[in-house]
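Data block below; observations after.
None of the figures in this text is laboratory data; all of them are computed from the coordinates on show. Being a predicted model, the structure only gives us computed values, none of them experimental. Glycine gets a Cβ as well: all are built from the backbone with ideal geometry, and neighbour counts include every protein chain shown.
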Amino acid sequence: MRWLGALALVGACGGTQSPPDAGAVQLVLDIPNGMLDPKGYSTVEIVLHEPGGDVTRTTTVDGNGNFGLDRIDPSNSVSVEATLRNNSGAAMGYGRTAVAAQLTGGAQITVPVRRPIAYVAGTVSRDADGDPQTPALTWTEAPATYADLSASVPLDGQSIVTGSNAVLTVAAGPNLYLVTQAVTATTGVLRDAAQIAPVSGASHAIGTALPGSMTGAVLDGAGSDDGAQLAIGTTTQLFAVDTTSGTARPLTDGSFARVAILTTDSGEIDAIAIKNRGVTTGACATTAELWWAPITAAPGAGSGSMGTVHMVATGGFSDIATDRGHAYYVDACKGELGEVTAAATKMLRTIPGTGTAAGPAAGRATALAVSNGQAFVGIELPPASATAPAISSLLVASIASSDDPRTLWTEGAQQVLDLAATPDVQRLLSASSVVFNHLEVGAGGDYVALTTSAHFHAPQIRNLFPDMTIDTEELRVFAAATGGILQRYRSWCDGILRNDGTEFSGWECTAATGQSAPATDALEHHIGSMTFLFGKK
């Protein structure tokens, strides 16, 4: 489905205006034509990012998918975002152009638009002998699960990309790719070559795997907005994947746990990655390396303009993100947000209450996503006392100013267990640690999603309660403007019970208020990745 919208241009130097239809620009919203097409929209919001600032237009869409927008000035460089909204203002579809284009009379600009869907993938560990005191775990891949934010249906693990056992999902603009890799059954360690398969944005059908493969256990991935390039980090190398030819090309050696892709104003595509990411619950490590890796040259520039793969800086780097031609980082040890270029890093602002300078009980900035000048920063805080829970918090900070960040969400990680046979008997556990695993912005900034894992331990209490060690993993999706939780999905809750000959046995994890969980144990999984189509990380 291809919608046509009209942008009537005003003469750049004033003078006599053209008639309404003269010099109009065709703005085409390209939708896949399938069961995953956006539905339920009534208006379209267009944002034109120009050198002099942003221009926003909102108009209704008629029954034929046509719309008209007010007159605007011509521009030699404009990138476009389009959001389809329902009568309540919720995003039903979103898309953006991959590179800047000219906004001149007679031009046609195509914007691919997709539903706001968040995808998660990972692995599963099962207790093969069924004994909670001596678990004999068997690890396998799991199907990719997704949350369609335009449908407002709580996750229960049954929304899966059929036939998609995968350890990683990677979005590249409007396109989705799955990374498959063998799992060592006894340890959960990923092994053998990893391969990539495309997923249809119209139907979730799995395409033929790309011919290229990658060595090392896959850790993270990112894609370019034009869908042409992926960057994949593994425990042994950083790879560039050309999705047209299917080739996978090693860029440099090392363990790369965080990867982002940047498209410059000139059209060059670069990977930014963190090697030897050292975020732990102990002493803050400052040996992480921030790398810059050119993937493709700017159109017409020739391969000689690309530069070389190189390390930019070392420090306590914990995450990276890109937005509109710029790349950013957070340093967990310094508690700072900064910008990185091919030549250097530059501190932009500090994050209050984080970093080693703030003291031993300070939080750590360990996750980052950036969209349209707003940085979303995930903060991990240790327990305030022996009985208090570890805390996770999500802040929103301006890139351009030093205004105090806004706290979008904060929560102490706790888990209630009850007896399957007697649910009134319960035990509350407080997490000793909580970790941000993924953070990404969707639908151009309407939604922000994160995944966390938490670790709980509670000692045996006389002959009543056994010694309990529990681990949980969750996906949360927020309305970025208000902090309202749209999805809270606990994908995993399991552990080890020692001396389970106590009076109370047969424990299970309960669901918190507003939290959903897999409909059956067979749908549980450890989250290895999380991404939006057109996401920003």
Exercise for the section: Using θ = phi - 60° and the Karplus relation 6.51 cos²θ - 1.76 cosθ + 1.60, list the HN-Hα couplings for the stretch 438-444 in order, rounded to whole Hz, with x at every Gly or Pro. Expected result: 8, 8, 8, 9, x, 6, x
Practice task
Treat the count of other C-beta atoms within 10 Å as a stand-in for reagent exposure and order 392, 430, 398 from fewest to most.
Solution key: 398, 430, 392
Practice task
Give, rounded to the nearest 20 debye, the magnitude of the charge dipole that the chain has about its Cα centre when Lys and Arg contribute +1 at Cβ and Asp and Glu contribute -1 at Cβ.
Solution key: 580
Completion exercise
Quick calc, residue 28 & residue 510: beta-carbon distance into FRET formula, R0 45 Å, rounding 0.05, result 0.35
Exercise for the section: Compare the Cα positions of 80, 64, 177 along the charge dipole of the chain (+1 at Cβ of Lys, Arg; -1 at Cβ of Asp, Glu; about the Cα centre) and return the one farthest towards the positive end. Expected result: 80
Problem - Phi to ³J(HN,Hα) by Karplus 6.51 cos²θ - 1.76 cosθ + 1.60 over the stretch 392-403, Hz, x for Gly, Pro - result: 10, 9, 10, 10, 10, 10, 6, 6, 8, 10, 9, 4
Practice task
Can you pull the one-decimal nm distance between simple spin-label points at residue 162 and residue 265, each 7 Å off the Cα toward Cβ?
Solution key: 4.8
Handout entry: Rounded, prolate or oblate (a/c below 1.5 giving rounded, otherwise prolate when a/b exceeds b/c) for the stretch 53-199 by Cα gyration tensor
Key = prolate
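Going highest first, how would you order 161-169, 32-40, 527-535, 141-149 by mean Cβ packing within 10 Å?
Ranked by mean Cβ neighbours within 10 Å, highest first: 527-535, 141-149, 161-169, 32-40.
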Practice task
Order these peptides, 469-479, 216-226, by their mean beta-carbon neighbour count within 10 angstrom, highest first.
Solution key: 216-226, 469-479
Practice task
Below 21 Å Cα-Cα, how many Lys pairs turn up in the chain? Only count pairs eight or more apart in sequence, or on different chains, if you could.
Solution key: 8
Problem - Inter-probe distance in nm under a simple model that places probes 7 Å from Cα toward Cβ, at residue 73 and residue 339 - result: 2.2
Fill in the blank from the handout: So the FRET efficiency between residue 404 and residue 283, C-beta based with R0 = 35 Å and rounded to 0.05, is 0.75
Problem - Sorted peptide list for 185-193, 350-358, 59-67, criterion being average Cβ within 10 angstrom, highest first - result: 350-358, 185-193, 59-67
Exercise for the section: Note the full-extension length gain between residue 110 and residue 35 as 0.36 nm times their separation in residues minus their Cα-Cα distance, in nm to one decimal. Expected result: 24.9 nm
Fill in the blank from the handout: Karplus-derived 3J(HN,Hα) from phi for the stretch 309-323 (6.51 cos²θ - 1.76 cosθ + 1.60, θ = phi - 60°), whole Hz, x at Gly and Pro, runs 6, 7, 7, 8, 6, 10, x, x, 4, 10, 7, 9, 7, 10, 6
Fill in the blank from the handout: With a Förster distance of 35 angstrom and the Cβ-Cβ distance between residue 388 and residue 138, calculated FRET efficiency to the nearest 0.05 equals 0.50
Practice task
Scan around residue 252 for amide H atoms under 5 Å from its own, H built in the peptide plane at 1.01 Å from N, and keep only partners 5 or more places away or cross-chain.
Solution key: 238
